[in-house]
1. Could you point to the residue in A:P51, A:A117, A:T160 farthest towards the positive end of region A:40-188's charge dipole, with +1 and -1 charges on the Cβ of Lys/Arg and Asp/Glu respectively?
2. Please check chain C for the longest run free of GluC sites (Glu not before Pro) that are loop-located per DSSP (anything but H, G, I, E, B) and have at most 13 other Cβ atoms within 10 Å.
3. Based on Cβ point charges of +1 for Lys and Arg and -1 for Asp and Glu, what charge dipole magnitude is obtained for chain C about its Cα centre, in debye rounded to the nearest 20?
4. Trypsin sites (Lys or Arg not before Pro) within region A:211-315: which are DSSP loop residues with at most 10 other Cβ atoms inside 10 Å?
5. Return the percentage of antiparallel bridges among DSSP beta bridges fully within chain C, rounded to the nearest 5 %.
6. Any idea what the relative contact order of chain C is, in percent, if you count C-alpha pairs under 8 Å spaced at least 6 apart?
7. Averaged over its residues, how many other protein chain Cβ atoms are within 10 Å of peptide C:446-458's Cβ atoms?
8. To the nearest 0.05, how large is the calculated FRET efficiency for B:V19 and A:A309 if R₀ is 30 Å and r is the Cβ-Cβ distance?
Amino acid sequence: MPPAEVTAAEPAAAVLTGPSPTADVVGLGRWRALGFVAPALALIGVFLVFPALWTLYIGATNYRLTGVAARSPEIIGLDNYRRALTDPTFYRSMRLTLVFVLGSAVLGQNVLGFALAYALRSARRAVRRTMEALVLLGWILPSSVVAFLWIAMLDRDEGTVNVLLRQTPGVAWLIAYPMTCIIVFNIWRGTAFSMMLYSAALSSVPPSHLETARLAGSSTAQMLRDVVLPHIRRYALTNTLLITLWTFNDFTPFLLTAGGPNGRSEIVAAYIYNTAIIGGDMGYSGAISLLVLLINLLLALVYLRVARAGKGRTA
Amino acid sequence: MSVARAVVNRVLTYVVIGVGTAFFALPLLWLLSAPFDATPTYGVRPPSRVTLANFGEIGRNPYAVSSLVNSVLLALGTMIVVVVAAALAAYALSRVHVPGRDALLYALLLLSSVITGTAAMVPIFLLIFQLNLIDSRAGVVLVLSGGLLPAAIFLLKDFIDTIPRSYEESARVFGASPLRILRDIVVPVARPGMATIAVWTIVQVWGSFLTPFILLRDPGKQPAAVLVRTFYTEGGSPNLALISTFSLLYSIPVVLMYLFAWSRYGFRFHGGIKS
Amino acid sequence: MQRRIVGYRRVLATLTGLVVVAATTAGCLGKKENTETAKNADVKEFTLTIAANAIAGGKNATNADWITNWIIPKFIEAQKAKGRTAHVNFQPSGAGDEDYKSKISLDLKTGSGADIYSMDGIWVGEFADAGYIKPIESMVGKDKANGWDGWAQIPQTVQNNMSYNGKRYGVPLGTDGRVIYFNKKLFAQAGLPADWQPKSWDDILTAGQTLKAKLPGVTPIQLNAGTAMGEATTTQGFLPLLVGAGQQIWSDGKWQGNTQAVRDALGVYQKVYGGGLGDPVLQQDAKGRDKSFQAFASGKIAILLEGDYFWRSVVDPTKGIAKMADRDQAVGYAMIPAKMPGAGIRKQDFVSMSGGSGHVLNPASKYPEQAWELLQFMNSKDATIAALAGAVRITQRKDVNDEVLKSDPMLSFVAQKVLPLTAFRPGFAVYPRVSQALQQATLDVATGKTPADAAAAYQRTLETIVGGADKVATG
């Protein structure tokens, strides 16, 4: 196995920085390559892209699921967008979602995932396995189940949190601090992905570099900053991008707070659900979807910028 | 590094692991205590009366077992579709520079993350209706696959990019067809990545509520994710005994599957050949 | 840089191209008109499907069992006696009301799905406007539609629950009434009478003050507020007060906006939640309604406004979700008073609100005549009694009520005293959104806004919902 001669694009860089330099050595050829891609593309095209674009088109109408506008929807052009952009609840939802993403994904899952991966690096096998299993359980269990687990844990009268704080009945957590609750919940739910990713990333840092740094007398913090982080930079960026996109549109917190109380935790997925299903306003929710798509696109572009900016600097 | 520093590091490590363990284990406790309690509440406590009657109650529910079977069928079906299609596509996209590849992948990834079942509910329903696939599990599998493929391809392509091409080159020299190369050389090496995608797909499908709910009519075809939402009492409040018990049963298959995949393949998102 | 721009352009181009494709094919959003009538009237064999938001072992399990074990076998038997072979299926659901509503909307929109659907009375308006359901007479003809002898047994007000623009769309399944419950034991401890019947809002508030003073650990009044309780806030909390202040939420072509009656009703909320007579935090709990039931059952809430459902299914001594073994002795009930005697709608001293669901026919049904027969069968005297499954409940039929409610004084009380006073919610398509605006207004007041401010905000929302200030009454 000659890994030392690997010159192919580094992991995660391939997508972030452009097509790989090596040519098509396998001899797939353009046409066969397209043939390989065809099944996936067909499925995606028919069952994702087509309905998605249709939804965006609905955003330009006043279509509702029931009522007169269901029978004969009219194209109202940009009215839904105008309504969204002048609706304070829409801005509130965006603001809450950004806080949610920043707190639980960008900071929470990233930091905790990294911290756990780093701490477990040198732990005993049994400890490592147990920890990984617990963290992964939070990610694997279905959403209805974990929602119930957290509702039970945060219950005002008998929930485990209040029992531990020796206050029953204590604070009604989901009502008093809804955003905090869903942020902590999402950290619990999603850290697994980051932890596994950083685990793999850390194992790819050459041990010789770490040895050198340690011999030179750097503290852990310095070692992290100067040796580890540059190596895993691209892992970190891909990870952050993915979990940002996923967290931004995550619906599960709705099962805990239903966007409440009084809209105080109405992240965008809850907002769309409330307008589409409870309000029946498909036109408006279609418009919101497009706006959310554009915002996500913006975030993705920011990441691309950061990724390419750093390309020249690393080894 | 000085001894003090080493000790501090050690302590910090243990604290992180300790707090982490507590944090992740705590919410799970309810799932272990409530199903065995005759009258469970939201609290975690040793059951006042330990009982297995709740499980019997679930067994008497006409749809409980069939819903778990349906969940398995949907999950496996989607997993097969996604892994095969994603493997083919990721391999081709990794090895061949198709113009616009990156832009397309990003666009699809964005689309699949943002446009979820709720917003696209009406178009998906009408589309499936036109294809005459309403009330069929196949329809659900197709819709779920379409939604999961972009991320699957994204992740798998990343993984395959890290696999050196030397073996494929050699095989090509010996005249093997690309499909053969894919099957005999790349797939065995890419197994951890594919296992990850498989597990991820199964987890997503296992918890999927809205799509099966909208597209399926026959209660015998409903998966467990839909059934678990029906456990309300006559009066409309959640039946904690049934919910906790069924949640436990509902969770077990995914956990088993994950353990199986993990022990056989490891759970790596990046890697390929390790040094 | 160059490559990046080209990349983005490609994305944009692909997206736009696909939008065009989707748009051209997406013209089929509106509903196609189906003009066949009197299909398959004389076939000897047919299949029908009933869909309901009920599922064995889960939500509304009794209803599911009734359909599966009584209606279906008996109907098949009855048809056999007429020389016809009937196959009848049941399509259960057990989801939240709004999810169920979305599901059947999609079914009806595509003209597929079951032949008979259960639905809440307040959805009838919007489904009719969308063309999803049609008047019964347009499906089977006026004679067959109006000739059923069951109509005479169903009070006109109750029929209105499943009617729209004067036409019958379905048959109602039961109804109910709202009363004011109180815990007789707590009342005794506070020195209040066991046969309490408040005659005005002040009577209720004064009783609340007494309870607050004498029984410190007890929440005096539970008046549903806020958006977490959904329709339960509007129907059990706000609307009984509104009709007690003399106004229906809709009358004479206008919706109640920022009117005196609305401000009066919100004023009660302010006195309750601002005056320490109620628990505002509970109103915002996602499980607040359930918790309020538990609290009443354990003697922590003294006065609670609810429907007869509370008596039958919540505090019922054997199968209630918050059982009270001493319900018959400890729980008192009284009519909801108007603001003061004579101030209610129709100059009544006492008021109430009612609701209910029913069943409708699918206009795209392959066997409309047979479906109508099945629907009539489901609402026959025997079927209605069977649906009760031994429970004592107010049904849609007078003859059944007279027979079945003899054993339960509370339900007889409702059927005889309360139903004649009651009002129904308007069957308009926009009602659910108006209801949400009202819930928001009550939440505003319960969390500290003044009734005047809350009513003004409500008026603004209402004008957007109903499409214009001319459809809103102010004062």
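A short reminder: the numbers here are calculations on the coordinates, not readings from a lab. All of these numbers come straight from a predicted model, not from anything done at the bench. Positions of Cβ are generated from backbone atoms using ideal geometry, with glycine treated the same way; all protein chains shown enter the neighbour counts.
1. Checking the options against the dipole of region A:40-188, the answer is A:A117.
2. Details: sites that count: C:E33, C:E36.
Excluding the exposed sites themselves, the longest stretch runs over C:37-475.
3. Numbers: 53 positive and 44 negative charges, 200 e Å.
Value, rounded to 20: 960 debye.
4. Values: sites: A:R214, A:R225, A:R233, A:R234, A:R264, A:R305, A:R308, A:K311, A:R313; in loops: A:R264, A:K311, A:R313.
In loop regions of region A:211-315 (DSSP not H, G, I, E or B), the sparsely surrounded trypsin sites (Lys or Arg not before Pro) are A:R313.
5. Close to 55 percent.
6. Values: 842 pairs, mean separation 113.6, N = 475.
It rounds to 24 percent for chain C.
7. On the way: counts 0, 2, 0, 0, 0, 0, 0, 0, 0, 0, 0, 0, 0.
What the average comes to for C:446-458 is 0.
8. Values: r = 35 Å, r/R0 = 1.17.
Once rounded, the FRET efficiency stands at 0.30.
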